[in-house]
1. From the cross-link list A:131/A:177; A:116/B:405; B:3/B:70, which pairs have alpha carbons spaced over 28 Å apart?
2. List the relative contact order of chain A as a percent without decimals, with contacts defined as Cα pairs under 8 Å and 6+ residues apart.
3. Considering chain A as a Gaussian network with a 10 Å cut-off on Cα pairs, which listed residue, A:98, A:144, A:57, attains the greatest mean-square fluctuation?
4. Compute the Kirkwood hydrodynamic radius of the stretch B:71-202, taking the inverse of the mean of 1/r over all pairs of distinct Cα atoms, and give it in Å to one decimal.
5. Do you know which residues of the stretch A:85-124 lose at least 10 square angstrom of accessible area in the protein assembly compared with their chain on its own, with a 1.4 angstrom probe?
6. Where does chain B land at 222 nm, in deg cm²/dmol rounded to the nearest 500, when only DSSP H runs of n ≥ 4 count, each adding -39500 (n - 2.57), divided by all residues?
7. Going by Cβ distance under 4.7 Å, what cysteines of the protein assembly as shown have no possible disulfide partner?
8. Work out how much length residue B:316 to residue B:63 would gain on full extension: take 0.36 nm times their residue separation and subtract the Cα-Cα distance, in nm to one decimal.
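The values are calculated or read from the model by the stated rules, or taken from the named source; none is laboratory data. Quick caveat, the model's predicted, so the values are computed rather than measured. Every residue, glycine as well, gets a Cβ built from its backbone with ideal geometry; the counts of neighbours run over all protein chains shown. These accessible areas exclude ligands, DNA and RNA; they are computed on the full protein's heavy atoms, side chains included. Shrake-Rupley method; radii C 1.70, N 1.55, O 1.52, S 1.80 Å.
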Amino acid sequence: MAAPSELDTPRSTIQACPTCGAGAPLDAHFCPQCTKILPLPRRADYFSFVGVPRRLNLDPSLLEERFRSLSRQFHPDYFYNATPAERRASLERSSYLNDAYRTLRQPAGRIEYLLKLEGLAPDNPTEASRKVPPSLLEEVFALNEELDEIREQRADGAPAETWRARLERARQPIERKRVEHETQLEELAARWDAGSSDGERRAILESLRDRFLERNYIANLLATIERELSST
Amino acid sequence: MSKVVGIDLGTTNSLVAYVKDGAPVVIRDASGDALVPSVVSVGEGGSVHVGREAQRRLLTDARRTVYSVKRFMGKGREDVQHEAEHFPFRVSGEAGGVVRIGLGDKEYTPPEISALVLRELKQRAEAHFAAAGEVDNEVDRAVITVPAYFNDAQRTATRDAGRIAGLEVLRIINEPTAASLAYGLDKRHAGLIAVYDLGGGTFDISILKVEDGVFQVLSTNGDTHLGGDDVDVMLMDVVLRELGDGSAVAQPFRAADKLTPEQIQEIRKAVIQAKWDLSDRTETDIVVGEYKKHISRAEFEELIEPIVARTLEPCRQALADAGLQPSQIDEVVLVGGSTRIPRVRQAVAELFGKKPHSELNPDEVVALGAAVQADILVTGNRDMLLLDVTPLSLGIETMGGVVSKIILRNSTIPATGSEMFTTGVDNQTAVDIHVLQGERELVADNRSLARFKLRGIPPMPAGLPRVQVQFQIDANGILSAAARELRTEVEQAIEVKPSYGLTDEEVERMLLDSFEHAEADIAARLLIEARNEAESVIQATEKSLRSPEFPEIEKSELAPGERQKIESIVAGLRMVLNSSDRETIQKWTHALNDATRHLAEVMMNRSVKAALAGKNIDNM
């Protein structure tokens with residue numbers, strides 16, 4: 001549960017290399033002087049750490065290429081004979097790289113992460129995902145009613161094909177909502193990438209956040225239907 | 001330079017390999033045999049036999065002979081209850097504790113048995129290097145392979161086995177990934193690879209993406225209790241049923257429960273031979289003494305179909321986790337002796353829609369890959385890089401017995417994850433944390449890895465402390481944890497000991513040939529000394545804090561917050577006390593010494609004064 005506060009605000013823009021004492025930029029992975037691997041001084045944001053632009057539409061091959069290249073520079077395999085400090089730095093940087101790669105790989109992961117970076121993530125994600133988004137009230141209400149009736153039907157021993165067909169029908173409007181949301185998220189993501197002013201971007205991001213929470217809620221609804229379908 | 005090797009510590013057989021002139025080779029004995037059966041036998045007089053000789057003793061002294069010990073690694077007594085009856089040796093252990101195997105009047109843990117196999121491989125390699133005229137032929141470091149689907153406890157048990165055998169375990173790597181490294185040597189192109197590894201006791205499937213020499217595991221799945229052993233048990237059941245109900249024509253044994261363990265082993269040997277035969281022929285006989293049973297390949301295939309089917313579901317899951325369709329896989333690699341069974345090959349070919357690779361000997365390919373990895377570690381050769389994943393999700397217990405996942409399965413390792421904890425009641429200074437591994441929602445359905453108490457939380461109103469516990473899975477797939485209270489910045493090291501693991505002290509006691517490893521012993525002794533010193537400083541401090549005159553001293557002589565500072569350092573020192581990090585223990589001990597110096601002076605002055613005062617009274 002990485003809270004936004006995990007991203008320390010940089011107190012200075014320079015760090016001292018523990019090996020040779022030379023000054024190194026805070027974003028550097030290796031000391032410019034002695035070339036030794038540097039400890040991870042702060043939780044840099046994933047985009048800049050990996051060295052990809054802060055965009056929601058990210059070229060997957062660029063991310064892959066950066067991931068492989070940095071893995072080859074950081075991996076603990078290559079620090080087996082190094083000093084304990086370098087080994088620790090290698091472990092820290094490799095772990096951070098892997099976490100960054102996993103987060104940025106999926107479009108949804110990027111949106112979620114960006115919201116967090118911009119301080120727009122819900123304080124309590126679990127709670128937020130349970131609250132019914134106002135725009136979905138109608139669908140959720142209808143679905144819950146339908147599910148109750150189906151469960152009753154099942155309890156009364158209705159044949160599987162009857163209630164299964166009903167569940168499938170109940171799924172359709174939710175599935176349409178899902179597709180709708182995916183499209184909207186893609187559009188908003190493209191607009192954020194292209195956004196020129198901070199104010200404009202902030203406004204887009206707020207819409208993105210609302211759509212994103214709704215999307216997660218929809219995914220939970222679909223999972224509920226799926227569980228109901230697979231239960232015997 | 002001493003030598004490094006790669007070791008495939010298998011359920012049925014083990015092998016050792018090394019890199020010679022840039023290419024990995026397995027080490028064979030004088031007769032050209034590379035396989036060391038993973039069998040250990042302890043004779044009446046305490047003589048230890050490993051490998052072929054131990055295997056022979058299964059037929060003469062079965063009760064004192066252990067095989068397939070890998071199935072018991074990292075397991076608790078309860079885990080293996082139903083299985084233990086299939087084995088001639090005695091399986092025991094305390095409830096909730098590590099499995100113990102009784103041989104004669106001694107008991108061994110699975111890592112100790114495995115260590116005997118490892119030592120045999122070590123000695124084989126050393127003899128090989130000596131024969132090759134190497135000056136320094138000592139083998140003291142190794143990469144050891146484990147099934148990809150092994151959990152934290154099983155990996156830790158394997159690493160412990162290496163240490164007990166006197167080996168520095170450079171790295172624990174996954175068998176299918178090791179195999180892909182061995183194949184990667186002459187196929188340096190990009191593509192998606194599926195490695196299907198059906199060994200003696202375990203099944204793994206790994207999906208990899210290879211590009212620019214980086215072997216990136218996308219997903220892995222498997223079953224650590226599925227392999228050739230299960231085929232053997234099925235065939236044995238067929239034979240035992242026939243012998244039991246008297247329908248067989250000639251019967252050397254009347255009923256299964258009247259058989260001696262040696263006779264059962266004879267049947268086991270016969271069915272294994274028949275299984276092998278059926279890989280090349282379409283029919284054979286199972287021959288035990290005068291008993292003979294004809295079996296066709298078709299009958300055999302029908303019998304083992306459930307086993308084959310059980311391997312396919314993990315394959316589908318791994319593909320789904322990697323977001324791939326079977327047809328997208330470019331190459332399929334077969335690993336493990338059980339992939340010699342034609343039906344297994346056929347099922348794999350059908351699933352992926354292509355003929356699987358088997359150019360390399362499926363028994364040897366894992367050891368070859370381990371040797372390549374060992375070479376990468378010691379030489380820093382950067383031609384290839386292996387990026388593996390953690391096979392199981394890591395989580396912690398939350399309210400209501402539900403697991404909250406912190407690191408998801410198939411995350412590339414090393415990986416980190418963190419979780420925030422707080423307190424439920426005012427002035428609570430400790431929180432219980434239960435770490436689990438598995439995919440299920442409920443605690444009860446997952447594997448308990450460890451429980452630990454997070455201590456030393458500064459007393460605050462409930463809900464105010466913010467303790468961040470950071471979990472780290474290293475490149476071996478092994479877990480560690482550290483905690484930090486964010487308001488006070490108090491750091492705490494936590495050692496996560498597996499629920500079914502050995503303590504460091506136990507491992508130290510088990511060290512084989514410890515005289516060969518004086519250096520390791522010195523490090524261990526220094527560690528123990530550091531712990532002892534820390535303990536005595538803690539004791540002295542606590543004695544002062546509890547003394548009757550302390551409240552008065554605190555009021556009149558100590559600075560505000562001085563006591564709190566001392567208490568928090570004591571808590572911190574307690575936290576690191578059981579870690580094996582000597583430097584950290586010493587650092588905290590020094591900190592405590594510094595923090596209590598003033599208090600010690602005050603108390604000393606007072607006792608001197610009191611003594612003088614006493615004298616005065618006496619003199620009067």
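1. Flagged as over cut-off: nothing, all pairs pass.
2. 16
3. A:144
4. Over the stretch B:71-202, the inverse of the mean reciprocal pair distance is 17.0 Å.
5. Listed in order, they are A:91, A:95, A:98, A:99, A:101, A:102, A:105.
6. Roughly -13000 deg cm²/dmol at 222 nm, from the helical runs in chain B.
7. So far as the 4.7 Å Cβ criterion goes, B:315 stand without a partner in the protein assembly as shown.
8. 87.0 nm
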